[in-house]
Amino acid sequence: MSRSAEELLEFDHLKKIIGGMTTSAPGRREIESLGPGQDANSLNGEFALIGEAAEYLRGGAELGFGSLADPETWLTRLAVPNSVFSADELLRSATLMEASAAVRQIFREDDERKLRLLAARAASLPDFRTLLAAIRRVVLPNGDISDDASPKLKRIRANIGESRQKIRRSLESILRARGEAGGEDYITLRNDRFVIPVRASERRSVPGVVHAASATGQTVFVEPLDAVDLNNRLVRLSEEETAEIARILDELTSSVREQEQPLAKAAETIAHFDSVFARGRFARAYDCVAPEFTEGNRLQLQFARNPVLEAVLRPQERRAVPLSLALGGEHDGTVLVISGPNTGGKTVALKTVGLAALAAQSGIPVAADRAEVPIFDRVLADIGDEQSIAADLSTFSAHMLNLKFMLQAATASSLILVDEMVTGTAPEEGAALAVALLEEFRERGALTLATTHHDRLKAYASTTPGVVNAAMEFDEENLRPTYRLLVGVPGTSSGIEIARRLGLPARAIERARAGLSPELREARDLIAYLHRGRDEIDAERTRLREEMTRLEAERNSLRGEWIERQKKRIAELERTFAETEKRLRADIDRMAANMKDRSLRTQIEKQAGRRAGKLFSDARVEADAAVVETLASSQHDLGATETAVAQSVPHEQLVAGARILVKGFKQPVVFRRQQGETAEIEAGPMRMKIPLPEIIGIESPQPTATPAAQRRGISVHVQASADLAAEEINVIGCTVEEATARVDKFLDEAALAGKPSVRIIHGHGTGALRRGLADFLASHPLVEKIHAEAEDRGGSAVTVAELQS
């Protein structure tokens, strides 16, 4: 009987690899039960769970169920009517309840990692806290029944302890009275009754019941008559203890049986969790991806690897060579004919593609950089030698029977994998049969991969629409395969070269070469030419990629250097501003000190301070705008190398106060006004001008400011006139004169509303606005005193004005 595609493609080996990454018996059984499904939505949901599990593991956390006892055995016993659990079985059932509680706790409200699907799955687990507490209260970790399991059991055990003490005291008094020598003055148990040793020769000196004798017969173990009643009482108490324990276990078993269905569901969910996390570990260990299920029959794999082969190679510190191919769709063929030397990797290529398809449809991540696969109704494979002496089948007959079944079963939604098509018969007949079979599969639209050595099949693939050649690369210089799949060119068998490498006599090799027909030699020369051309193209692509990488690195380096230059320039401007401000203030203080009239001096100081503040503020705005205009133009120059072109925002959508996205800036900035082909924006404490095309989007529109505010470029907080309860005003961006005018009106409204204090937000900046406002507030008739806000509410960036009561 022919083996299934799962056997031929070693799908069970793949599941064994993943099964080794589970942490519980139920999880391993779930992995073993995985098989191809055809519901894309269900599969996508499974891969979403696996993705979240991989994300959880990537964070350094783990989820294991090593302490979970296999629930299969005790769940089976629970289904038997009137069965009673032992203490050990109750403990094993408790491990499932504890695992459920742990998973619920781990994924409860897990907002930080956004594991929404896992959290929902965990939330579906039943809550067994009450039952678990009952079991833990009754059964101790070592399997004994606790004294506190019931009041009656506690009382019985207290009586047992008391009876044992009485028996011991009674027997000890007998031993003392007999004056036995050391070694024979001890108390022991025989038949669950307390006895003492007595020499057989002195048996009659101790009235009582003999329960046993030593191996030599020289000692007998006697229960003295004085201890019989006490022992009888102890036996009765022990029987009562056993009966009470049986009652407790029966009661607990009934409680567990009431939760039979929830427990079965919990076991299923925990098994699924273990399975999902095992597949997440597999995805991380083998660099796997979740497949994308395509409509129609398009199959595309990028750098796909065979994980079964990789598991074999890893201990040898070797890696499987990845392959890339595309089949189906509008532009690619549906039949791929793979040729190349023996041991060149043709069969591995078939198994890699087939295993990727089975894994994808079984909810197993695919070992590839990217995998687009359709939903196949079946995967049909003919790989290896299926000859059978018992069934009187030759290799050729076995292959023909397999191909007959595949033809009967194949549809447009099938994946066909055939290794060494039609071997074991005359080459010409075999090639003709192979072409005919491939035509059958092609006409049905089934995606087909076939390996061959027949030159006729290579010619068929070169001349037939929908059929594509592919070759397993062979290193002609070193005479060894590279295992690379080259799509678009046919391969050579290189049999003569391999025979030469293996040491066949040179004379035989030359005769073989001379025996090749001129047409065959020409065809092989042409194939070699195509391979050289392919190698040159690949080398050029590699060179271009390296050049692009170098240019990108150079571009990033230039960007970094430019940013550093701008930082230094801005820092230099800051130092210049600080020195100028310090010098001018010193001049003002010196002039004021020379004036005799104190009131006149105070007035001049205030006026000079306000004028100086306006001067510094205006100078800073102009300088910042100049600096950032340079920054914007430089950003524009750097951004010109970007390949993606952002769409400009319509001018009518640009309103004062809107938060906009600007090319080259990571964070949104505030739009202030438009000036011709430039826009004035505000980024933190700085204002700048940028070209309008640099605006690439709007994050969120803000309330439109008044026309006067738009002309001045200040921010305005709009509120209804009837609302006099505002407790703060924001004057960031205003000059000292603008700010004092607004604050003056604000203080009037606050006083009318009966506010005890107000907050004035002016920011840090150079400090000119804060000092100007402080001078203004100090002489305001409505203000009693002023002070800076608390550090956690703004600190020196906010001034609090206490109003006159």
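The values are calculated or read from the model by the stated rules, or taken from the named source; none is laboratory data. Computed from a predicted structure; not experimentally measured. In this analysis, Cβ positions are derived from the backbone assuming ideal geometry, glycine residues included, and neighbour counts consider all displayed protein chains. Accessible surface is based on the protein model in full, side chains and every heavy atom, while ligands, DNA and RNA are left aside. Shrake-Rupley method; radii C 1.70, N 1.55, O 1.52, S 1.80 Å.
Can you give me the solvent accessible area of Val487 with a 1.4 Å probe, rounded to the nearest 10 Å²?
That residue has around 50 Å² of solvent-accessible surface.
Could you sort His764, His787, His211, His399 by their accessible area in this structure, using a 1.4 Å probe and putting the largest first?
Most to least solvent-accessible, the answer reads His764, His787, His211, His399.
First measure r as the distance between the Cβ atoms of Ser779 and Thr580, then evaluate 1/(1 + (r/R0)^6) with R0 = 25 Å and state the FRET efficiency to the nearest 0.05.
Computed FRET efficiency for Ser779 and Thr580 comes out at 0.40.
By a straight-distance test (C-alpha under 30 Å), which lysines pair with Lys346 as possible cross-link partners, with residues fewer than eight away in the same chain excluded?
Lys15, Lys16, Lys404, Lys458
Give, in whole angstrom and from largest to smallest, the semi-axes √(5λ) of the equivalent ellipsoid of region 244-363, with λ running over the eigenvalues of the Cα gyration tensor.
Listed largest to smallest, the semi-axes of region 244-363 are 47, 19, 11 Å.
List, in the order given, every pair from Lys114/Lys265; Lys745/Lys785; Lys689/Lys745; Lys567/Lys689 whose Cα-Cα distance in the structure shown is over 20 Å.
Lys114/Lys265; Lys689/Lys745
What FRET efficiency comes out for Arg176 versus Val228 if R0 is 30 angstrom and r is the Cβ-Cβ distance? Round to the nearest 0.05.
With R0 = 30 Å, the Cβ-Cβ based efficiency is 0.95.
On a full-extension model of 0.36 nm per residue, what is the gain between Glu791 and Glu251, subtracting their alpha-carbon distance, rounded to one decimal in nm?
188.0 nm
Using a basic spin-label model with each label point 7 Å from the Cα along Cα→Cβ, how many nm lie between Lys404 and Asp39?
The answer from the label model is 3.8 nm.
Tell me, what ³J(HN,Hα) does each residue in region 61-74 have, in order and in whole Hz, if you take phi through Karplus 6.51 cos²θ - 1.76 cosθ + 1.60 with θ = phi - 60° and put x for Gly and Pro?
7, 9, 9, x, 10, x, 8, 7, 6, 4, x, 4, 5, 6
Between Val210 and Val235, what is the spin-label point distance in nm, taking each point 7 Å from the Cα along the Cα→C-beta axis?
Roughly 1.9 nm, to one decimal.
Once the Cβ-Cβ distance between Leu502 and Glu564 is put in as r, and R0 is 56 Å, what FRET efficiency do you end up with, to the nearest 0.05?
Computed FRET efficiency for Leu502 and Glu564 comes out at 0.35.
Quick one: which of 343-352, 64-73 comes out on top by average Cβ neighbours within 10 Å, and what's the full order, highest first?
Ranking, from highest mean packing down: 343-352, 64-73.
Tabulate in residue order the Karplus-calculated ³J(HN,Hα) for region 726-738, using 6.51 cos²θ - 1.76 cosθ + 1.60 with θ = phi - 60°, rounded to whole Hz; enter x for Gly and Pro.
The phi angles translate into 5, 10, 8, 9, 10, 10, 4, x, 7, 6, 4, 5, 4 Hz.
Between beta-carbons, use under 10 Å as the cut-off and find the net charge around His453, counting Lys and Arg +1, Asp and Glu -1.
Within the 10 Å Cβ shell, the charges total 0.
How high is the relative contact order of region 724-805, in percent, with contacts defined as C-alpha pairs under 8 Å that are six or more residues apart?
Over region 724-805, the number comes to 32 percent.
Give me a comma-separated list of calculated 3J(HN,Hα) values for region 430-446, in order, Karplus coefficients 6.51, -1.76, 1.60 applied at θ = phi - 60°, integers in Hz, x for any Gly or Pro.
x, 5, 5, 5, 4, 4, 5, 5, 5, 5, 4, 5, 5, 5, 7, x, 6
At what distance in angstrom do the alpha carbon centres of region 353-383 and region 210-259 lie from each other?
Answer, in whole Å: 64.
Please give the solvent-accessible surface of Asp229 in Å², to the nearest 10, using a probe radius of 1.4 Å with every protein chain present.
120
Quick check: residue separation of Glu55 and Lys166 times 0.36 nm, minus the Cα distance between them. What number comes out in nm?
Gain in length upon complete extension: 33.4 nm.
Could you sort the peptides 91-100, 5-14, 752-761 by per-residue average Cβ neighbour count (10 Å cutoff), highest mean leading?
Descending mean neighbour count gives 91-100, 5-14, 752-761.
Stretched out fully, how many nm does the piece from Asp185 to Ser124 gain, at 0.36 nm a residue minus the Cα gap?
Extending this stretch completely gives an extra 15.5 nm.
Amide H to amide H, which residues 5 or more places from Glu728 or on other chains are under 5 Å from it, using H placed in the peptide plane?
Arg759
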